[in-house]
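To start, the structure under review is shown below, and the notes come after it.
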Amino acid sequence: MTTHRVWKLGADIDTDVLAPGHAMKHGIDKIATFCLESVRPEFATQVQPGDVIVAGPNFGIGSSREQAAAVLVKLGVVAVIAPSFSGLYFRNAFNVGLLLLTCPDADRLQEAEGITLDTKNLTVISSTGKRLSCEPIPAFLLDMVRSGGLMNQLRIRFGKEPVQ
Amino acid sequence: MSTSTPVAQTLAQKLIARAAGRENVAVGEIVNCQVDLAMFHDSSGPRRLKPMLEELGAQIWDKSRVVLVMDHYVPERDDESRKIVRIARDWAREQDLPHVYDGQGICHVVVPQHGHIRSGMFCVGGDSHSPTGGAFGAYMFGIGSTEMLGVVVTGEIWLRVPHTLQMHWLGELQKGVTAKDMMLHMIGRFGMNGGQYQAVEFCGPAVKALSMQERMTLSNMSAELGAQVGLIAPDEVTAAWLQAAGAPTPDTSDWHTDEGAALTRHEFDAGTLTPYVAAPHSPANADVVGRYSGTRVDVAYIGACTGAKLDDLRAAAEVLRGQRVAPGVRLMVAPASQKDQAAAREEGVLQVLLDAGAELFPTACGACAGYGETMGDNTTVISSTARNFKGRMGSATAQVYLASPYTVAASALRGVITDPREVLA
Ligand code: SF4
């Protein structure tokens, strides 16, 4: 299984922190360069494809702007693991193909550790082998993430080629 | 369970059941609903939807059910915003959309003011404050642009039937205490995700006594409670308001929570509620105004869908009538809609504010989310808007306090955060 490096963040990471208002007039590539600038200024330049975010409760509170989820996809983040998410962010994330794992024990994971994800059993396995279970996710949402988001599912529905 | 016994349902369940074409729905089940109305604005709408629709080669499922509002990037200030607004205008023309409001004000206020949101409807909005529609007894919630695309091409959306958290307000609000204070109190108590994406329902005598626009403030800030919707059972106040807005008179009789429906109820006493203020940088940092009184302010901002409707402007004017703001304080007023601004002008409310030294800004989102004129470094702001996240209104060093329009006006008057009851007395 692939190992993913952890970026650890605090509680209440809001959508303005993920996709700042001043950047919203730009396209997703530009917005991504400002992702988390006010809490982890080095994040946007140092994050690597395959990394994961581990955060405190209430990740994604605030605006409906889905760019707050799309920037993480753009930067190659494969999942966000947190004890709770904003409900609106939760929908947006799956719609843009970002996996969110609701994990009550997320705080046991450490900054920069390498973890693996068992997406079939919705379990996070820490570098020391600890297994943290996550709350169930409806099958149709897991399918959506696997397809790369709602747009890809619509592409297929309208007889177009899915992207990536 | 016998099929002949009607199941006690919450207002949320009834609204969802209707949209799902079902007799009733159970909390926790995932259902597909038919959308009666899809609203979006210049930022969340055409600039994102147009290219995706074109790529799919798909059409809007029902143009009569779509409302587009230009409110975020108007008036245009730079090349990027000009481009975003131009895309929206061109697309509206191309698609021949029947319901477009350009520069008329903020979507959550303009759309109901034109009779588009009615009791019993199931609506989605491309904006997080879409729960405002719940004030009219409509099930309305915010979604992102990709999901909006899904709605626009299919006319449907899924949801998980929510549990209901009933916020039951007893008693009567004191003079100078408003729906905004009720919300800041609740957000302070339950936190920004305390609503857990369930349905919040506001009820009780203190809610029934509120004007329609005050009810809209409650539903609007359900977003800050993290609820999916913020519902208020429609009544004669709703019916009268909708009629005046040109909507057909709704049949409000069905749209209430049944006796005995399963829900969680919280009780509050409106009579003992004092004005509330939320300190930087979260609406959940809310406390009684006394806790912050005396804090010096540079800017007093009356704006946004949350806090610049006609009733909000009236409240500010009540405080400022015949007075001038403290030296060195900037009072900025951006009415929520053209209709509200015109009514405020007619009533003399606008003149009171201007005489007090207010600067008038366009009826748009403006500084609320860092568009338009924004807040500079180290500025202390008291604002009638909904959010005070770090950097949202401009500089990351700006300190934004949230309060009711009464409190904002009283603070402008004295130059420090002030309990409006001292000034109104
Ligand atoms: S006024 Fe503020 S809260 Fe309301 S829709 Fe505009 S940006 Fe959002």
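So which of B:79, B:102, B:127 ends up being over 21 Å from residue B:217 (Cα atoms) and in contact with a helix residue (DSSP H, G or I) (Cβ under 8 Å, 6 or more places away or on another chain)? Among B:79, B:102, B:127, only B:102 is over 21 Å from residue B:217 (Cα atoms) and in contact with a helix residue (DSSP H, G or I) (Cβ under 8 Å, 6 or more places away or on another chain). Got at least one residue in the range B:133-145 being free of Cβ contacts under 8 Å to residues at least 40 places away in the same chain, within 14 Å of another protein chain (Cβ to nearest Cβ) and not in a helix (DSSP H, G or I)? There is at least one residue in the range B:133-145 that is free of Cβ contacts under 8 Å to residues at least 40 places away in the same chain, within 14 Å of another protein chain (Cβ to nearest Cβ) and not in a helix (DSSP H, G or I).
With respect to (1) away from the ligand (no atom under 16 Å from the Cβ); (2) open to solvent by 10 Å² or more (accessible area, probe 1.4 Å); (3) over 28 Å from residue A:162 (Cα atoms), the lone exception for residue B:101 is condition (1).
Within the range B:264-272, one or more residues are outside any strand (DSSP E or B) and surrounded by fewer than 17 Cβ atoms within 10 Å (Cβ to Cβ).
When residue B:253 is tested against (1) farther than 15 Å from residue B:141 by Cβ; (2) modelled with pLDDT of 95 or more; (3) among the polar types (S, T, N, Q), exactly one condition is not met: (2). Among residues of the range B:205-225 being open to solvent by less than 10 Å² (accessible area, probe 1.4 Å) and small (Gly, Ala, Ser), the one that is farthest from the other protein chains (Cβ to nearest Cβ) is B:206. Of all residues in the range B:401-414, those satisfying the criterion of being within 17 Å of residue B:291 (Cα to Cα) and open to solvent by less than 10 Å² (accessible area, probe 1.4 Å) are B:402, B:403, B:404, B:407, B:408, B:410, B:411. When the test is whether a residue is at pLDDT 95 or above and either open to solvent by less than 10 Å² (accessible area, probe 1.4 Å) or not charged (D, E, K, R) (or both), residue A:17 does not pass it. Would a scan of the range A:90-102 turn up a residue that is touching a residue at least 24 places away in the same chain (Cβ under 8 Å), hydroxyl-bearing (Ser, Thr, Tyr) and open to solvent by less than 10 Å² (accessible area, probe 1.4 Å)? No. From the list A:2, A:33, A:45, the lone residue that is away from chain B (no Cβ under 11 Å), in contact (Cβ under 8 Å) with a residue 24 or more places away in the chain and of a type outside the set (Phe, Trp, Tyr) is A:2. Within the range B:113-151, the set of residues being within 13 Å of the ligand (Cβ to nearest atom) and either within 16 Å of residue B:245 (Cβ to Cβ) or of a type in the set (Phe, Trp, Tyr) (or both) comprises B:132, B:133.
Answer yes if at least one residue in the range B:297-309 is assigned to a loop (DSSP other than H, G, I, E, B) and either more than 16 Å from the ligand (Cβ to nearest atom) or exposed (fewer than 15 other Cβ atoms within 10 Å of the Cβ) (or both), and no otherwise. Within the range B:297-309, one or more residues are assigned to a loop (DSSP other than H, G, I, E, B) and either more than 16 Å from the ligand (Cβ to nearest atom) or exposed (fewer than 15 other Cβ atoms within 10 Å of the Cβ) (or both).
Here's the yes/no breakdown for (1) crowded, with 24+ Cβ neighbours inside 10 Å; (2) at pLDDT below 95; (3) under 22 Å from residue B:69 (Cβ atoms):
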{"position": "B:324", "(1), (2), (3)": "no, no, no"}
{"position": "B:337", "(1), (2), (3)": "yes, no, yes"}
{"position": "B:361", "(1), (2), (3)": "no, no, yes"}
{"position": "B:370", "(1), (2), (3)": "no, yes, yes"}
{"position": "B:373", "(1), (2), (3)": "no, yes, yes"}
{"position": "B:385", "(1), (2), (3)": "yes, no, yes"}
{"position": "B:390", "(1), (2), (3)": "no, yes, no"}
{"position": "B:417", "(1), (2), (3)": "yes, no, no"}
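Entry remark, the range A:91-141: residues being in a helix (DSSP H, G or I) and of a type outside the set (Phe, Trp, Tyr) number 9 in total. Apart from one condition, residue A:87 fits all of (1) within 16 Å of the ligand (Cβ to nearest atom); (2) within 9 Å of chain B (Cβ to nearest Cβ); the exception is (1). Residue under question is residue B:174, and the condition is that it be more than 22 Å from residue B:258 (Cβ to Cβ), free of Cβ contacts under 8 Å to residues at least 60 places away in the same chain and either open to solvent by 50 Å² or more (accessible area, probe 1.4 Å) or within 14 Å of chain A (Cβ to nearest Cβ) (or both); does it hold? When the stated conditions are applied, residue B:174 does not pass them. For the range A:19-27, the criterion of being more than 10 Å from every other protein chain (Cβ to nearest Cβ) and of a type outside the set (Gly, Ala, Ser) is met by none of the residues. Residues in the range B:36-58 that are touching a Phe, Trp or Tyr at 6+ places or on another chain (Cβ under 6 Å), surrounded by 24 or more Cβ atoms within 10 Å (Cβ to Cβ) and more than 11 Å from every other protein chain (Cβ to nearest Cβ): 1 in all. From the list B:43, B:2, B:64, the lone residue that is at pLDDT below 95 and farther than 14 Å from residue B:148 by Cα is B:2. Within the range B:250-261, the set of residues being of a type outside the set (Asp, Glu) and loosely packed, with under 13 Cβ neighbours inside 10 Å comprises B:253, B:260. The requirement of being surrounded by fewer than 18 Cβ atoms within 10 Å (Cβ to Cβ) and within 11 Å of another protein chain (Cβ to nearest Cβ) is fulfilled nowhere in the range B:11-24; no residue meets it. Reported count of residues in the range A:123-164, each being more than 9 Å from every other protein chain (Cβ to nearest Cβ), on the phi > 0 side of the Ramachandran plot and among the small types (Gly, Ala, Ser), is 2.
The values are calculated or read from the model by the stated rules, or taken from the named source; none is laboratory data. Because the structure is a prediction, the values reported are computed rather than measured. Don't worry about glycine lacking a Cβ; one is built from the backbone with ideal geometry, like all the others, and counts go over all protein chains shown. Accessible surface areas use protein heavy atoms only, side chains included; no ligands, DNA or RNA. Shrake-Rupley method; radii C 1.70, N 1.55, O 1.52, S 1.80 Å.
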